1. Using only Cα atoms, locate the centre of the range 200-219 and the centre of the range 1-41, then give the distance between them in Å, rounded to an integer.
2. Please calculate the 1.4 Å probe accessible area of V48, with all protein chains present, and give it to the nearest 10 Å².
3. Under a 1.4 Å probe, what is the accessible area of the chain per residue, stated in Å²?
4. E221 accessible area, nearest 10 Å², 1.4 Å probe?
5. Measure off, as a whole percent, the carbon and sulfur share of the 1.4 Å-probe accessible area of the range 19-91, all protein chains present.
6. Relative contact order for the range 151-252: what is it in percent, counting Cα pairs under 8 Å that are at least 6 residues apart?
7. Ignoring ligands and nucleic acids, what accessible area does R22 show with a 1.4 Å probe (Å², nearest 10)?
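The values are calculated or read from the model by the stated rules, or taken from the named source; none is laboratory data. Keep in mind that what you see is a predicted model, and the values were worked out from it rather than measured. The protein model used for the area step is the full one, side chains on, heavy atoms only, and it has no ligands, DNA or RNA in it. Shrake-Rupley method; radii C 1.70, N 1.55, O 1.52, S 1.80 Å.
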Amino acid sequence: MTLRLDLSGPVAVLTIDRPAKRNALSFEMWSALPGLLKRVQDDDAVRVLVVRGGEHFSAGADISEFATLRRGAEGAARYGEAVHNGERAIVELGKPTIAAVAGFCVGGGCEIALACDLRVAADNARFGITPAKLGIVYSLTSTKQLVDVVGPAWAKQILFSGELVDAATALRIGLVNEVVAAGQLEARVAELASTIASRAQVSVRGAKRIVARIMGGQSEEDDAVRALYDEAAHSAEYAEGVAAFLEKRAPRF
């Protein structure tokens, strides 16, 4: 398997591990993502998921498969469905996700990074989405992820040109949250993941769900949103948070 999942501790780590191909994503890898993400969701000890590569996050889809598995309209549809299901599994995970991006983050690799809630990049990272080089129309759901992050004008430039964007530009346009020196990437991501894991999870997960609803066009409260407020108000974490504040100590969530 060229995806490795480490579930030890509150911060799970999913590593794209195919260095000989710059972590190019195969059909098998895309197809494995929903099952791996379900394991993360079902493990109550896990509070945050980090998605990482190595020297490169991922150079994109394994183009060598396009002449076989993705050949013809039927093959393309089947391949596209696997990509869509893998990307959606990350987006729909009920726990916060952080992409730790170094080196190339292109095509399907960028799709995975954009599916994560947060992106921290090394200063050597390069981003691009390249369907215009292959005669492919990028899916609506993944295009929406891009537009939600960088806005329509930059989404068009990235998709129309297929050119790579450096880390400084990615930070400027909002494609990433932070840029750090390459040697500091792992430490910074671990620090951020640990901070999020230490917060009240009823708050973190509630915020993730509400932001998703806002990005989906919702602007008014409804019963589902009010249920999130009620869940928090009746939670042990709320009781601990208030008690810790009054006792002037750090909360233990």
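1. 25 Å
2. 0 Å²
3. Numbers: 12780 Å² over 253 residues.
Averaged over the residues of the chain, the accessible area is 51 Å².
4. 100 Å²
5. Values: 1850 of 3540 Å².
Carbon plus sulfur share of accessible area: 52 percent.
6. 18 percent
7. 130 Å²
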